[in-house]
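Novice: The structure that follows is given in the form of structure tokens.
The values are calculated or read from the model by the stated rules, or taken from the named source; none is laboratory data. Model, not experiment: these values are computed from the prediction. Positions of Cβ are backbone-derived with ideal geometry, glycine not excepted, and every protein chain shown enters the neighbour counts.
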Amino acid sequence: MKVSLFAIAKVVLVGLLSIFLILFLVFGSWVLWERNRDALAGIDFYSGKVELSHDTSYNLSFDEIPERTYRHIALTTEHLGNIKAIISEPTVIPKEGIPVVIILGGLEVDADIFRLIHDPGENIYVIFKYPYTPEYWYEGTPIVEIPVIRKSMLKVPSQVLALHKWVSKQPWTEKGRVTFAGFSFGAMFLPAIYHLADSHNEVLNPGVIAYAGADISDLLYTNMDKIDSPWRSIGALLGETAIYSIEPARHLPYMNNEFLLINGTRDHQVSTYSWEKLHRLTSQPKTVVILDEGHMHPRKPELTKKLVKISREWLRERGLIN
């Protein structure tokens, strides 16, 4: 029996439409699920036992900065993977310990940031290292790396709180004087971190949120300027959906603390709409500082020094650092 080309084409077309419909339904279900589930459910991970597995000192010398000790540490956890950090501390620490500031900076933040803290004082600075670095992207393939990036970002709040607990128990930490300072990329995580801590009845100290915003879709769209529309809008929406559990706007109303909020009027990476939304959703008490500056960048050391100075003075006024 002969089968006409029309009949074959019809079968093929129906098959393709069926596949497309199935994919659309699966994708739509995923979008609805991600955007409607409880935000904490996507970031609340149990760390299990946390142990120091790596602690190495290394030499750094910065002009105009007092001699200090620098260490690279790694914590091993049962369920959250390894947590890495870089520590800057005075060469001599009193037995009662000293204040600690945990810094969340850019994605590729490293020890160079210590050179911008010109007057470190009798304080310890701990830089959190993100579980994902750009080099993994260049060495891998997008289809594999995108899910890894998503998983890594969603683990950050729980990893940071595990680091905070570990730091708080160390003999070199003064009891009750551990706080957070987030800058740019790192500041985006602080609302989720504080909300998650509050849900566990963990009391955190006032913190600094500098050069952050709310509405991840807007942030992605603003920074995807090399992609033409409509793919730019679609990409921003998909990117936001993948990490919607850390959307600052979902956590800001639940931050029961005091914050210093810093932003710039000439920032082309965090839109005015975005940082104004962050400020509006952050409850009192809060201190808002608006600078006539662009976005912070390693090529703008003077701006970073200004931000460090403003942050240090605010934390010192509240007795959180020496």
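Novice: In this structure, does residue 244 turn out to be touching a Lys or Arg at 6+ places or on another chain (Cβ under 7 Å), touching a residue at least 60 places away in the same chain (Cβ under 8 Å) and either of a type in the set (Phe, Trp, Tyr) or at positive phi (or both)?
Specialist: Numbers: touching a Lys or Arg at 6+ places or on another chain (Cβ under 7 Å): yes; touching a residue at least 60 places away in the same chain (Cβ under 8 Å): yes; either of a type in the set (Phe, Trp, Tyr) or at positive phi (or both): yes.
Here the answer is yes, as residue 244 does meet what is asked.
Novice: Still on this structure: Filter segment 60-81 down to the residues that are touching a residue at least 40 places away in the same chain (Cβ under 8 Å) and either touching a strand residue (DSSP E or B) at 6+ places or on another chain (Cβ under 6 Å) or polar (S, T, N, Q) (or both) and list them by number.
Specialist: Selection gives 60, 68, 70, 75, 77.
Novice: I'm trying to understand the selection: among the residues of segment 283-305, which are part of a loop (DSSP other than H, G, I, E, B), within 27 Å of residue 236 (Cβ to Cβ) and touching a strand residue (DSSP E or B) at 6+ places or on another chain (Cβ under 9 Å)? Break it down stepwise before answering.
Specialist: Let us first name the residues in segment 283-305 that are part of a loop (DSSP other than H, G, I, E, B), namely 283-285, 292-300.
Now narrow it down to the ones that are within 27 Å of residue 236 (Cβ to Cβ): 293-300.
Residues satisfying the conditions are 293, 294, 295, 296.
Novice: Also, I was wondering about something else. From 92, 101, 109, which residue is in a loop (DSSP other than H, G, I, E, B), within 30 Å of residue 318 (Cβ to Cβ) and touching a residue at least 60 places away in the same chain (Cβ under 8 Å)?
Specialist: Working: 92 fails: touching a residue at least 60 places away in the same chain (Cβ under 8 Å); 101 fails: in a loop (DSSP other than H, G, I, E, B).
Just one listed residue meets the conditions, 109.
Novice: Further, regarding this structure: Any chance you could count how many residues in segment 175-218 are closer than 12 Å to residue 278 by Cα and crowded, with 24+ Cβ neighbours inside 10 Å?
Specialist: Count: 10.
Novice: Of all residues in segment 40-91, how many are on the phi > 0 side of the Ramachandran plot and of a type in the set (Gly, Ala, Ser)?
Specialist: Of segment 40-91, the ones on the phi > 0 side of the Ramachandran plot are 48, 64, 81.
Those still in the list that are of a type in the set (Gly, Ala, Ser) too: 48, 81.
Within segment 40-91, residues that are on the phi > 0 side of the Ramachandran plot and of a type in the set (Gly, Ala, Ser) number 2.
Novice: Looking at segment 254-297, which of its residues are of a type in the set (Phe, Trp, Tyr) and under 18 Å from the mean Cα position of the chain (by Cα)? Write out each step before concluding.
Specialist: First, the residues of segment 254-297 that are of a type in the set (Phe, Trp, Tyr): 254, 259, 273, 275.
Once the filter is applied, which keeps residues that are of a type in the set (Phe, Trp, Tyr) and under 18 Å from the mean Cα position of the chain (by Cα), segment 254-297 yields 254, 259, 275.
Novice: Being assigned to a loop (DSSP other than H, G, I, E, B) and not aromatic (Phe, Trp, Tyr) is the filter; apply it to segment 48-63 and report the residue that is surrounded by the most Cβ atoms within 10 Å (Cβ to Cβ).
Specialist: Step one: filter segment 48-63 for residues assigned to a loop (DSSP other than H, G, I, E, B), giving 48-49, 59-63.
Still in the running and not aromatic (Phe, Trp, Tyr): 48-49, 59-61, 63.
On the way: 48: 11, 49: 8, 59: 6, 60: 16, 61: 9, 63: 6.
Ranking the qualifying residues of segment 48-63, first place goes to 60.
Novice: Pick out the one residue from 114, 27, 6 that is more than 24 Å from residue 238 (Cβ to Cβ) and not assigned by TED's automatic domain parsing to the domain that holds residue 184. Can you show your working first?
Specialist: Numbers: 114 fails: not assigned by TED's automatic domain parsing to the domain that holds residue 184; 27 fails: more than 24 Å from residue 238 (Cβ to Cβ).
Answer to the selection: 6.
Novice: Here is a further query. Report, ordered by the first and then the second residue, all pairs with beta carbons closer than 7 Å, sequence separation of six or more or different chains, a first member in segment 272-284 that is over 15 Å from residue 223 (Cβ atoms), and a second member that is assigned to a loop (DSSP other than H, G, I, E, B) and modelled with pLDDT under 95.
Specialist: 277/215; 282/255; 283/255
Novice: Residue by residue through segment 27-37, note down the ones that are of a type outside the set (Ser, Thr, Tyr) and either touching a helix residue (DSSP H, G or I) at 6+ places or on another chain (Cβ under 8 Å) or surrounded by 10 or more Cβ atoms within 10 Å (Cβ to Cβ) (or both). Even if it seems obvious, please write down each step before you answer.
Specialist: First pass over segment 27-37, keeping only residues of a type outside the set (Ser, Thr, Tyr): 27-28, 30-37.
Listed by number, the residues that qualify are 27, 28, 30, 31, 32, 33, 34, 35, 37.
Novice: Suppose we keep only residues that are among the acidic types (Asp, Glu) and modelled with pLDDT of 90 or more within segment 195-228. Which one would you say is farthest from residue 311 (Cα to Cα)?
Specialist: First, pick out the residues of segment 195-228 that are among the acidic types (Asp, Glu): 198, 202, 215, 218, 225, 228.
Subsequent filtering for residues that are modelled with pLDDT of 90 or more retains 198, 202, 215, 218.
Numbers: 198: 23, 202: 23, 215: 24, 218: 26 Å.
Top of the filtered list is 218.
One line per residue, one yes/no per condition, for (1) within 28 Å of residue 110 (Cβ to Cβ); (2) of a type in the set (Val, Ile, Thr):
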site: 35; (1), (2): no, no
site: 42; (1), (2): no, no
site: 47; (1), (2): yes, no
site: 53; (1), (2): yes, no
site: 59; (1), (2): yes, no
site: 63; (1), (2): yes, no
site: 76; (1), (2): yes, yes
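Novice: Being farther than 18 Å from residue 243 by Cβ, of a type in the set (A, V, I, L, M, F, W, C) and modelled with pLDDT of 80 or more is true for just one of 52, 13, 5. Which residue is that?
Specialist: Details: 13 fails: modelled with pLDDT of 80 or more; 5 fails: modelled with pLDDT of 80 or more.
The unique qualifying residue is 52.
Novice: Checking the conditions here, which among 243, 310, 290 is crowded, with 18+ Cβ neighbours inside 10 Å and assigned by TED's automatic domain parsing to the domain that holds residue 219?
Specialist: On the way: 310 fails: crowded, with 18+ Cβ neighbours inside 10 Å; 290 fails: crowded, with 18+ Cβ neighbours inside 10 Å.
Sole residue among the options that is crowded, with 18+ Cβ neighbours inside 10 Å and assigned by TED's automatic domain parsing to the domain that holds residue 219: 243.
Novice: Next question, about the same structure. Suppose we filter segment 235-262 for residues that are closer than 17 Å to residue 283 by Cα and of a type outside the set (D, E, K, R); how many remain?
Specialist: Just the residues of segment 235-262 that are closer than 17 Å to residue 283 by Cα, to begin with: 247-262.
Checking the rest, the ones that are also of a type outside the set (D, E, K, R) come to 248-249, 251-257, 259-262.
Going through segment 235-262 one residue at a time, the tally reaches 13.
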